[in-house]
1. How big is the antiparallel share of DSSP beta bridges in the chain, given as a percent to the nearest 5?
2. Please go through region 85-151 and write out the trypsin sites (Lys or Arg not before Pro) that DSSP classes as loop and that have at most 11 other C-beta atoms within 10 Å.
3. Please state the shape class of region 123-272: rounded when a/c is under 1.5, otherwise prolate if a/b exceeds b/c and oblate if not, all from the C-alpha gyration tensor.
4. Please give the peptides 84-94, 16-26 ranked by average Cβ packing (other Cβ atoms within 10 Å per residue), highest first, as a rough proxy for protection.
5. Calculate, in nm to one decimal, what Arg202 and Ser26 gain on full extension: separation in residues at 0.36 nm each, minus their alpha carbon distance.
6. Need the C-alpha centroid separation for region 6-53 versus region 170-221, integer Å.
7. Pick out which of Ser112, Ser277, Ser43 has the largest mean-square fluctuation in a Gaussian network model of the chain, springs linking Cα atoms closer than 10 Å.
8. When the dipole is taken about the Cα centre of region 123-272, and only Lys, Arg (+1) and Asp, Glu (-1) are charged at their Cβ, what size is it in debye, to the nearest 20?
Amino acid sequence: MRKFVVTKLSANFREAVCVRSARVPSPGDGELLVRNRFVGINSSDINYSAGRYDTSLQPPFDIGFEGIGEVADLGSSVGANYCVGQPVAYNQAGAFAEYVIVPTKKATPVPSTKPQFLPLLLSGATACISLQELGELSEGQKVLVTAAAGGTGQFAVQLAKAAGCHVVGTCSSEEKVRFLKSIGCDRPINYKSEDTGAVLRREYPEGMDVVYESVGGDMFQLAVNHLAVKGRLLVIGLISSYQSSFGLAGPSEGSLPLKLLQRSASLRGFFLPHYNSQYQGCLRRLLDMYEKGELVCQIDQGDQAPGGRFVGLESICRAVDYLYSGKNIGKIVAEVSQPDSAKL
């Protein structure tokens with residue numbers, strides 16, 4: 001088998017990783033061997049390759065957070081819920097590989113290996129749990145979602161609408177504006193053609209009750225400036241700073257507390273691994289909504305990207321570049337293997 005391995009700590013993904021050959025591993029007690037079909041691309045992949053999530057982790061180590069595929073082999077004590085050939089999705093480090101060992105507690109049976117299930121694992125769960133636990137949404141509230149047409153933003157828009165909120169979403173193209181309208185966003189803002197701050201001052205002078213923020217930098221500062229009284233700012237990520245420095249690139253340390261105090265507002269960080277107890281319940285809810293046609297799971301397989309669709313393990317590097325170009329609509333997904341390719 002082949003897999004991606006981090007050989008050097010760097011936020012430059014191409015510089016950090018290489019493809020290596022390895023023996024196909026055997027599953028142990030309570031584990032599955034999964035043959036990957038599709039893997040998800042996340043902005044935090046380069047945080048992991050830079051060693052930012054676990055400073056004790058030193059190269060070489062595997063990378064990738066989520067995938068979907070078929071069970072290729074079963075370890076002992078797996079139980080009757082799994083069988084060879086069964087489609088499963090999983091949230092497990094080391095996903096950028098042709099085969100991966102997945103503990104059953106991190107595997108979720110799915111009806112098929114179609115890639116539309118993949119965005120629910122991290123992107124959907126992040127939106128679902130953070131808005132539920134930290135957003136405290138209620139009907140009629142105003143919610144701002146930054147990078148709203150991205151992998152996780154699309155779910156924040158839809159879940160906020162399902163809660164009866166008025167949703168504003170920022171994006172970078174008219175194509176994305178059309179997509180946001182199609183999933184129920186009340187006021188898409190193309191920041192390339194409109195001044196986001198001016199729109200918020202003019203149309204929402206009382207501010208936003210909840211901001212779902214994943215960009216950082218100037219967008220973070222704008223979000224702070226437009227919080228309503230008792231508003232909640234949910235920091236999901238800081239993608240604008242991941243390729244260089246890693247920190248809260250926003251208002252100075254002195255000004256941020258004052259701005260929050262003036263509005264009795266709060267800044268709330270969210271990191272999905274801290275909410276493991278809520279994960280399975282939230283994922284079941286999202287899967288149910290999707291299968292009932294109540295949730296759009298937009299994926300982007302790179303058809304419009306330089307070099308074309310992301311097919312094959314090596315295409316993951318292009319997929320990461322594409323993510324940071326900001327051109328994607330929905331969750332970026334790479335196809336690792338074809339359904340009829342050689343098996344064990």
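1. Working: 31 of 55 bridges.
Approximately 55 percent, going by the DSSP bridge assignments.
2. Taking region 85-151 and a limit of 11 other Cβ atoms within 10 Å, no loop trypsin sites (Lys or Arg not before Pro) are found.
3. rounded
4. Going from most to least packed, we get 84-94, 16-26.
5. 57.3 nm
6. 33
7. Judging by the Gaussian network model, the answer is Ser277.
8. Numbers: 14 positive and 14 negative charges, 19 e Å.
Magnitude of the dipole: close to 100 debye.
Each reported figure results from applying straightforward, stated rules to the coordinates on display, with no laboratory input. These numbers come from a predicted model, not from an experiment. Reconstructed Cβ throughout: ideal geometry from the backbone, glycine too, with neighbour counts over all protein chains shown.
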